[in-house]
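See structure below.
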Amino acid sequence: MERNLRLDYFKLILSILIITIHTQPLFDNSSIAGWLISNGISRIAVPCFFIASGYFIRSKLEDNRKMKKYILHLIIVYLIWSLIYLPTYISEIEPRSLITFTFIGYYHLWFLPALISGSILLFVLKRYIKNDNILMSIAVILFIAGYVLGYVQADYRLVCNGLIFGFPFITIGYYLRNRKIAEKVNTYQLYSLVAISIIFLLIESYIAYRSQSYYNLFLSLIVLCPALFLSVIKGSKDKLATDSIGKLSAGIFYIHILVITQLIPLSTTNNFYKLPFIVAISILISTFILLINKRLKIFL
């Protein structure tokens, strides 16, 4: 099948960035470098994954059968990984919270319910709203609402969900594809926008470091992530290849928390030296999962 190899490698990098978020403290507890990586640069990963999903969902939005098949597959993948992590989160979560976590996802698995609900929301709204600019306006408003909720330190479940987090970036991905933005934007301006947005992200991250506040959303992400995504896909040619690299990044994302909790427990400070081993083991297990998934197609 046709794949964008540059995007697949980019997603592989994003999956490793997500690991750095979950291996905090990356250096010692007071390290600003570790903070700017884990709570700054790495925060681009999840929005970019949503944008990529939205970018490729465009063809499914006009076909009910394809959309149902896509959503059903995501639900199956979510159920499988929820079962895999069941022994872990049952021992950590109060029984009264199990139902909540069933719908929002344990730890990093919140991404899948958010992807499912965000995609369904876009699918439904597309039936009634034909103007893409209106859809983008709704997405931006919801993103800003999520940023405000995060800024006031609301429960992360109010931010990390399909409405506030998933839908805005999925819609951005859809908009980029439907409006063929990659073909219209100037490369020099695009790279300049990425550079400026990264500076603003680091400034926001530094401000958060000063107050020791953890944020999933930064204002700069709504500019940086689309610009970065466009920078990756612009000018690249789809090449004949399998989807192994793209699937591998998904496997790393799903399995790495199991590696951290069961195989290489984190330390209370300076986990940087553990990071290569966590990444390596996650890749090895993901490769094995990839082989199984070629037959069962329920893991990725």
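The values are calculated or read from the model by the stated rules, or taken from the named source; none is laboratory data. Every value quoted in this text rests on a predicted model; they were computed, and no experiment measured them. All Cβ positions, even for glycine, are placed from backbone atoms using ideal geometry, and neighbour counts span all protein chains on display.
Selection of segment 88-107 for residues being over 24 Å from the mean Cα position of the chain (by Cα) and modelled with pLDDT of 75 or more yields only Ile90. Go through segment 257-279 and give me each residue that's assigned to a helix (DSSP H, G or I), loosely packed, with under 12 Cβ neighbours inside 10 Å and without any contact (Cβ under 8 Å) to a residue 24 or more places away in the chain. Within segment 257-279, Tyr273, Pro276 qualify. Out of all the residues in segment 113-125, is one or more in contact with a Ser or Thr (Cβ under 8 Å, 6 or more places away or on another chain), closer than 22 Å to His22 by Cβ and either at pLDDT below 95 or acidic (Asp, Glu) (or both)? No, segment 113-125 contains no residue that is in contact with a Ser or Thr (Cβ under 8 Å, 6 or more places away or on another chain), closer than 22 Å to His22 by Cβ and either at pLDDT below 95 or acidic (Asp, Glu) (or both). Looking only at segment 244-254, decide whether some residue is closer than 21 Å to Tyr85 by Cα, of a type in the set (Gly, Ala, Ser), without any contact (Cβ under 8 Å) to a residue 40 or more places away in the chain and not in a loop (DSSP other than H, G, I, E, B). Looking through segment 244-254, none of the residues is closer than 21 Å to Tyr85 by Cα, of a type in the set (Gly, Ala, Ser), without any contact (Cβ under 8 Å) to a residue 40 or more places away in the chain and not in a loop (DSSP other than H, G, I, E, B). Scanning segment 28-41 for residues that are surrounded by fewer than 22 Cβ atoms within 10 Å (Cβ to Cβ) and under 15 Å from the mean Cα position of the chain (by Cα) yields a count of 1. Residues that are of a type in the set (Val, Ile, Thr) and within 19 Å of the chain's Cα centre (by Cα) were ranked within segment 279-300; the one that is nearest to Thr23 (Cα to Cα) is Val279. Val232 meets all of the listed conditions (1) among the hydrophobic types (A, V, I, L, M, F, W, C); (2) at pLDDT 95 or above; (3) under 18 Å from the mean Cα position of the chain (by Cα) but one, namely (2). Among residues of segment 200-226 that are among the β-branched types (Val, Ile, Thr), those with a Cβ under 9 angstrom from a residue that is surrounded by 15 or more Cβ atoms within 10 Å (Cβ to Cβ) and in a loop (DSSP other than H, G, I, E, B), sequence gap 6+ or separate chain, pair up as Ile203/Ser220.
Taking the condition surrounded by fewer than 13 Cβ atoms within 10 Å (Cβ to Cβ), in contact with a helix residue (DSSP H, G or I) (Cβ under 8 Å, 6 or more places away or on another chain) and in a helix (DSSP H, G or I), does Ser59 pass? Considered against the rule, which asks whether it is surrounded by fewer than 13 Cβ atoms within 10 Å (Cβ to Cβ), in contact with a helix residue (DSSP H, G or I) (Cβ under 8 Å, 6 or more places away or on another chain) and in a helix (DSSP H, G or I), Ser59 comes out as yes. Test Pro25 against the criterion of being surrounded by 15 or more Cβ atoms within 10 Å (Cβ to Cβ) and assigned to a loop (DSSP other than H, G, I, E, B), and give yes or no. Yes: the conditions hold for Pro25.
Of note, Leu300 satisfies the criterion of being touching a Gly at 6+ places or on another chain (Cβ under 9 Å), in contact (Cβ under 8 Å) with a residue 40 or more places away in the chain and over 18 Å from Ile37 (Cα atoms).
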